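These notes are about the structure you will find just below.
The values are calculated or read from the model by the stated rules, or taken from the named source; none is laboratory data. No experiment lies behind these values; they were computed from the predicted model shown. Here the Cβ positions follow ideal geometry from the backbone for every residue, glycine too, while neighbour counts run over all protein chains shown. With ligands, DNA and RNA removed, areas are computed over all heavy atoms of the protein, side chains included. Shrake-Rupley method; radii C 1.70, N 1.55, O 1.52, S 1.80 Å.
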Amino acid sequence: MTPYFDELETRSADAREAAQTTSLMAQIARVRAAEDTCLLEDVDVTAISDLPKLPVLRKSDLAQWQKEKPPFGGIPVANAAHVFQSPGPIYEPGGVSHDWWRMGRFLHATGIGAGDVVQNCFGYHLTPAGMIFESGARAVGAMVLPAGTGQTELQVQAAAAVGTTAYAGTPDYLKVILDKAAEMGVTLNITKAAVGGGALFPAMRQDYAERGISCLQCYATADLGNIAYESPALEGMILDEGVIVEIVTPGTGDLVAPGEVGEVVVTTLNPDYPLIRFATGDLSAVMPGQSPCGRTNARIKGWMGRADQTTKIKGMFVRPEQVAALVARHDEIVKARVIASRDGAQDAMTVQVEAAGGSAEVFSASVVDVLKMKGAVEIMAPGSLPRDGLVIEDQRSYD
């Protein structure tokens, strides 16, 4: 088995940027040539660095577009062989061309290939996860047992009968299968696991290692396919070659400083489904340097929480977009954080602002105007607020 899925994984940064820029320009042209030309603002985009000029596309936008123009909201979809449904509801196309969701790259990194039998325990009903991993298995030449979810005793029987060597599914369900096999006195031959859709805790990974199973995880979504994946180096998650990833301040489309935590925004280069600046709602951060495994693309730290920090304070919702609007009102404000706490039996709100000058009184008036309630304002020195992606912090305890 070759170390890498293809030559794209080890190309230079300049070669990657040039190729992705060409693909990006083609994606923008596809969207602007579609019937709904309003899907992208008419701004000059000639490089990846120009992406922040374009609006962020959120799931709520997509759901609304799809209600108005079913099934895909006017986005120019091509070569669709399936249509899937995710909560919202949101409908996603799926294709059957080679490695349509780009999952083969991840499965190759896990060591799965020709000769393996993959027990695919992702769901096949309405959601695309099952097909996403099946498509990836085909891309690396593996055989698939389309097991889906549940019926664990039958899963054990099938795994033993067909000689399953690799598992694909959520991190915790593999343990359920292994424990059931032990209970039944059945020996399984699973040595590799490709997981996603849930947290892979270090203790869980260690438990699998002690059972002789190497377990790696990916970061993928129904809309975008594979975004990033682990390699055996286990140092962060390497970005897929078919996406452009930005890390932005939650509630905005503004890039954070390198290494800071922010919302993951993805532009997919799949010409069949051009999603540009699609907000995942997840928090992460870019890691410095390259992976020791030799793959040269950038890395992220993996899932670090949710970007939608909408919190109810004093009976009113406060959203990241409102905090961003507060910052935009005043040139002096660099960054802001809303803190929800308790003052006796009542909610309290404190707004911390990093500002080089300015008046707390003026800022307080803007807080009432933008956040629709009063709160204490604390002016902080620039650089003093944590760079952890939080713009709304809930410190309340109801114990």
Subject >> Condition check for residue 185: surrounded by 18 or more Cβ atoms within 10 Å (Cβ to Cβ) and either under 24 Å from residue 298 (Cα atoms) or over 14 Å from the mean Cα position of the chain (by Cα) (or both) >> reply: no
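Given the condition under 20 Å from residue 245 (Cβ atoms) and acidic (Asp, Glu), answer yes or no: does some residue in the stretch 275-292 qualify?
Yes, the conditions are met somewhere in the stretch 275-292.
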**OP:** Of the conditions (1) open to solvent by 20 Å² or more (accessible area, probe 1.4 Å); (2) within 22 Å of the chain's Cα centre (by Cα), residue 149 clears all except one; give me its number.
**Re:** (2)
Original post:
In the stretch 116-128, what residues are in contact with a Phe, Trp or Tyr (Cβ under 8 Å, 6 or more places away or on another chain) and open to solvent by 30 Å² or more (accessible area, probe 1.4 Å)?
Top reply: 126, 127
Original post:
Is there any pair linking a residue in the stretch 288-309 that is within 23 Å of residue 202 (Cα to Cα) and among the small types (Gly, Ala, Ser) to one that is part of a loop (DSSP other than H, G, I, E, B) and open to solvent by 30 Å² or more (accessible area, probe 1.4 Å), with Cβ under 7 Å and at least six apart or on different chains, and which?
Top reply: 291/233; 291/235
Original post:
In the stretch 366-383, what residues are within 20 Å of residue 262 (Cα to Cα) and open to solvent by less than 60 Å² (accessible area, probe 1.4 Å)?
Top reply: 383
Subject >> Unique residue being surrounded by fewer than 23 Cβ atoms within 10 Å (Cβ to Cβ), within 13 Å of the chain's Cα centre (by Cα) and under 28 Å from residue 124 (Cβ atoms) when the list is 242, 197, 225, 163 >> reply: 197
Original post:
How many residues does the stretch 245-273 hold that are open to solvent by 10 Å² or more (accessible area, probe 1.4 Å), within 21 Å of residue 52 (Cβ to Cβ) and assigned to a loop (DSSP other than H, G, I, E, B)?
Top reply: 12
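Counting only residues that are assigned to a loop (DSSP other than H, G, I, E, B), open to solvent by 10 Å² or more (accessible area, probe 1.4 Å), of a type outside the set (Phe, Trp, Tyr) and farther than 17 Å from residue 94 by Cβ, how many does the stretch 200-222 have?
Result for the stretch 200-222: 3.
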Subject >> Condition met for residue 363 (aromatic (Phe, Trp, Tyr), at pLDDT 95 or above and either in contact with a strand residue (DSSP E or B) (Cβ under 8 Å, 6 or more places away or on another chain) or open to solvent by 60 Å² or more (accessible area, probe 1.4 Å) (or both)) >> reply: yes
**OP:** Scan the stretch 347-372 and report the pairs whose first residue is in contact (Cβ under 8 Å) with a residue 12 or more places away in the chain and under 16 Å from residue 391 (Cα atoms) and whose second residue is open to solvent by 20 Å² or more (accessible area, probe 1.4 Å) and among the charged types (D, E, K, R), with Cβ atoms within less than 6 Å and a gap of 6+ or a chain change.
**Re:** 352/378; 354/335; 355/332
Original post:
If you go through the stretch 313-343 one residue at a time, how many are open to solvent by 40 Å² or more (accessible area, probe 1.4 Å), among the small types (Gly, Ala, Ser) and closer than 16 Å to residue 375 by Cβ?
Top reply: 2
Original post:
When you scan the stretch 276-335, how many residues do you find that are at positive phi and assigned to a strand (DSSP E or B)?
Top reply: 1
